[in-house]
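Everything below concerns the one structure shown next.
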Amino acid sequence: MGERRRSHMFRKYVIGFLFLAAACVPAAVPKQMSVTVKETQVRAAPSYLGKVLAVLAYGDRVQVVGAQSGWAKVSLPAGKPVASGSPPQKEGWVNLSALTEKKIVLKSGASEVGKTASSGEVALAGKGFNQEVEARYKENSGVDYAWVDRMEKFTVSPEQIAAFLDQGGLAAEAAGGGAQ
Amino acid sequence: MKAHFRAAGFLVVAAALLLAGCETVSTLTDIGVASGKITESQAESIQKSAKAVEKSFEDITPEQEYYIGRAVAAVVLDKYAPYPEAGANEYLNLLGQSLARASDRPETFGGYHFLILDSDEINAFAAPGGLVLVSRGLLRCADGEDAAAAILAHEITHVAKKHGLQAIKTSRVTAALTSVALTASQTAGSEDLAALTSTFQDSITDITSTLVNSGYSRALESEADRGAVEILRRVGYDPNALVRMLKVMDKKIKPGGLDFAKTHPDPEDRIKDVEKTLAGKAPPPSPPQKRAARYTASLGKI
């Protein structure tokens, strides 16, 4: 009898605590996220082996409808061309390391800069350390970027990686993107 | 029953802390992590949700990280000549990008790219954002593809965990992130741009002097070794290759030298740490002949 009452009280404590925590901490999965890398792919499955359905660019907004081991399930933004030959799809998967909860503003006026400088919810593309700062830095320091530009062009296609892993007897389905 | 009351007591205290304001979230999550009640990643997401108070390396956007990394790599390439042999660099990029995809951060603003430095020194530099430079001397410590993978996976973890950005002084990060300077075409005053460029220059110096002179802390190096073991396991390489590579390095390294001897913990200490994480785990099946053959063809004579 007494035990039941105590465990009832305990449940009340827990519920009360959860209420307080919920008031302080917003929901874990936000509805909208932005692409925070130059370019990323929307895939048919939560894996780098998944067929590429569409390509997203820096600043693109996506509606997140779910998440699984480091990947976000997103609705394809309207107007994004779907890769030819694939059946019409409304949803796909983007690696979470390519997304941010912040809204990215690609072009902005000076008035917005002041307003958003201290805000954690908006990131202005091109603000802070940017191409302009790099150009000035190059001028001041005389440092040569030729090999940096060359090494950025060392690219490897998903097909080459798949063949490399297969030939080496390695795991094609290597878990990445925060999968623990 | 006593356990119930203790748990209830913990909840009451936690609730009181929550009521005191969300600023206490950070302390609370620290307690949670320390007591094993929540994981690091859970703590991180709770903290991110709490009101941001100060600017830290975590607030640097991937776009800004990209420009920092390009400058860091350019400064390193000012001191070390690249090893331009195309076949060796192509192989290194195939290997490195396959590994990066299995890291906790597969995608960065400009992606991961790898380049060999034409130097006998035992050295490597991971510039923020994923530009990874590895010397011929360090690659010679590898006895095969698995060990070369261990070298790259260690550097990839430095990038994924933003170790380079952590070397920038907080005052500079705050200055950069609250600057109102925009691109010149968008009304930035030239004074703003000059001030921001000077902050940029100082930030690059913070990172390069850490990479070249002082090195990361033993804790960060240890984190990079653990991250390397994890990546190797995910892809199917033998994590013991990291230990083999460190043993070769230990023999080759000259005490008081200007390379890894100066910027990294003693290989013997790293071996002890890594062996702890490897204990009791069986190595993967022996690799196919093709893996050994392609390594020999590409890096065998590095």
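The values are calculated or read from the model by the stated rules, or taken from the named source; none is laboratory data. Predicted model only: the values in this text are computed from it and were never measured. With ideal geometry, Cβ positions are generated from the backbone for all residues, glycine too; neighbour counts draw on all protein chains shown. All accessible areas refer to the heavy atoms of the entire protein, side chains included, with ligands and DNA or RNA removed. Shrake-Rupley method; radii C 1.70, N 1.55, O 1.52, S 1.80 Å.
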Original post:
For B:Asp266, what accessible area in Å² do you get when you roll a 1.4 Å probe over the heavy atoms of the protein chains, rounding to the nearest 10?
Top reply: 70 Å²
**OP:** Please work out the ratio of the alpha-carbon Rg of the range B:217-302 to 2.2 N^0.38 Å and round it to two decimals.
**Re:** 1.20
**OP:** Divide the volume of the convex hull of the Cα atoms of the range A:123-177 by its number of residues and quote the answer in cubic angstrom per residue.
**Re:** 143 Å³
Original post:
How crowded by other chains is A:38-48, given as the mean number of beta carbons from other chains within 10 Å of each beta carbon?
Top reply: 2
**OP:** Taking H placed 1.01 Å from N in the peptide plane, check which residues at least 5 places from A:Lys103 or on another chain put their amide H under 5 Å from its amide H.
**Re:** A:Val122, A:Ala123
Subject >> Neighbourhood charge, 12 Å Cβ-Cβ cut-off, centred on B:Ala167 and excluding it, Lys, Arg +1 and Asp, Glu -1 >> reply: +1
Original post:
Which distance in nm do the two modelled labels at B:Lys281 and A:Ser75 give, with both placed 7 Å along the Cα-to-Cβ direction?
Top reply: 4.1 nm
Original post:
Which FRET efficiency, nearest 0.05, do A:Ala163 and B:Ser171 yield, Cβ-Cβ r, R0 56 Å?
Top reply: 0.70
**OP:** For B:Ser217 paired with B:Ala81, estimate the spin-label separation in nm (one decimal), with each label point 7 Å from Cα along the Cα-to-Cβ line.
**Re:** 3.9 nm
Original post:
Convex hull over the Cα atoms of the range B:123-172, averaged projected area in nm²?
Top reply: 3.7 nm²
**OP:** May I ask you to evaluate 6.51 cos²θ - 1.76 cosθ + 1.60, the Karplus curve with θ = phi - 60°, for each residue of the range B:263-273 and list the ³J(HN,Hα) values in order in whole Hz, giving x for glycine and proline?
**Re:** 9, 10, x, 3, x, 4, 5, 5, 4, 4, 4
**OP:** Return the distance in nm (one decimal) between the two label points of a simple spin-label model at B:Phe57 and A:Gln32, each offset 7 Å from Cα along Cα→Cβ.
**Re:** 3.2 nm
**OP:** Output the direction-averaged projected area (hull surface divided by four) of the convex hull of the alpha-carbon atoms of the range B:158-302, in nm².
**Re:** 12.9 nm²
**OP:** Within a 10 angstrom radius of each residue's Cβ in B:55-67, how many Cβ atoms of other chains show up on average? Whole number is fine.
**Re:** 5
**OP:** Please compute how much accessible surface disappears when A pairs with B, both sides summed, using a 1.4 Å probe, and round it to the nearest 100 Å².
**Re:** 7100 Å²
Original post:
Taking 0.36 nm per residue of separation and subtracting the Cα-Cα distance, what length does fully extending A:Arg150 through A:Ala172 add?
Top reply: 5.1 nm
Original post:
So what is the diffusion coefficient of the range B:50-131 in µm² per second by Stokes-Einstein at 10 °C and 1.306 mPa s, using a Kirkwood Rh over Cα pairs?
Top reply: 111 µm²/s
**OP:** Quote the FRET efficiency, to the nearest 0.05, computed for B:Asp250 versus A:Val65 with a Förster distance R0 of 56 Å and r equal to the Cβ-Cβ distance.
**Re:** 0.65
